[in-house]
Amino acid sequence: MATTNIPGYTYGSPELKKSPVSLDDFAKLKQASLFGDDDVRYLKMSHDILKDQTEQILDVWYGFVGSTPFLLHYFTNAADGQPNMDYLGGVRKRFGQWILDTAKAEYDQNWLNYQYEIGLRHHSSKKNRTDNVKAVPIIHLHYIFALLIPITTTLRPFLEKGGHSRDDVDRMQDAWRKSVLMQVILWSQPYIKDGEF
């Protein structure tokens, strides 16, 4: 069960649907992504560096989304098109925890189930329900994939603050790229027709 008091953060909850992607499927996805034990080690190395910087990282990411109208659109009220600050705030808390969860690199069934839940929350099947808002009904998949780049690129200055060698920073950032790519792939599952994922 989730160990935080973040509203809507349900990692580890028995209430979550089981991911249709099996642990064996995920092992193959890791292999196809060239994601190995070294990547796990470098993600875990990044945890101690990033854990006290999550708010600053979120400031950068939210600054990007907030200054990009077609991305901010996904957090606007359906009725008036204005940004829903409560919605943005609720998502921000879970996004901060997502940074820590990614850096922990614990790839078990609970993690896999939560990735499925995250995908559902981006898709029309569950978007807006967690925060009980009436915003636009879906986040279009192409932007979910595209945001992999600004998220992993802007992380580097924060990783550099750990005092590690340039090679270690490169490897941490590469591990983040692979992990975020795999997560985005898993989040896309609700968007794909049965039998095509």
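The values are calculated or read from the model by the stated rules, or taken from the named source; none is laboratory data. Since this is a predicted model, take the numbers as computed values, not measurements. Virtual Cβ from ideal backbone geometry, glycine too; neighbours counted across all protein chains shown. To get the accessible areas, we keep the full protein, side chains included, count just its heavy atoms, and leave off ligands, DNA and RNA. Shrake-Rupley method; radii C 1.70, N 1.55, O 1.52, S 1.80 Å.
Specify the longest stretch of the chain that does not include any exposed loop site, a site being one of the GluC sites (Glu not before Pro) with a non-H, G, I, E, B DSSP assignment and at most 15 other Cβ atoms within 10 Å.
That gives 16-105 as the longest site-free run.
Can you pull the percent of Cα pairs in the chain with separation above 20 Å?
Numbers: 10995 of 19306 pairs.
Result: 57 percent of Cα pairs exceed 20 Å.
So what is the calculated 222 nm ellipticity per residue for the chain, using -39500 (n - 2.57) for each DSSP H run with n of 4 or more, over all residues, to the nearest 500 deg cm²/dmol?
That comes out to -17500 deg cm²/dmol.
Sum up the lysine pairs in the chain that clear both bars: alpha-carbon distance under 20 Å and a spacing of 8 or more or different chains.
So the count works out to 28.
Pop a pseudo-label 7 angstrom from the Cα along the beta-carbon direction at both A78 and R156 and give the gap in nm to one decimal.
Reported label-point gap for A78 and R156 is 4.1 nm.
With the Cα gyration tensor of segment 23-77 giving a ≥ b ≥ c as the square roots of its eigenvalues, does the rule (a/c under 1.5 for rounded; else a/b larger than b/c for prolate; else oblate) give rounded, prolate or oblate?
oblate
What accessible area per residue, rounded to a whole number of Å², is obtained for segment 53-178 using a probe radius of 1.4 Å?
Heavy-atom accessible area per residue stands at 49 Å².
What is the gain in length, in nm to one decimal, between D59 and D108 on full extension, counting 0.36 nm per residue of separation less the C-alpha to C-alpha distance?
Result: 14.7 nm gained on full extension.
Which percent of the accessible area of segment 6-155 is formed by carbon and sulfur heavy atoms (probe 1.4 angstrom)?
57
For an R0 of 22 angstrom, estimate the FRET efficiency from the Cβ-Cβ distance between F70 and S125 and round to the nearest 0.05.
Approximately 0.50, to the nearest 0.05.
Determine the sum of side-chain charges near S33: Lys and Arg each +1, Asp and Glu each -1, restricted to other residues whose C-beta is under 10 angstrom from that of S33.
+3
Sorting K30, K134 by accessible area (1.4 Å probe), largest first, what list results?
K134, K30
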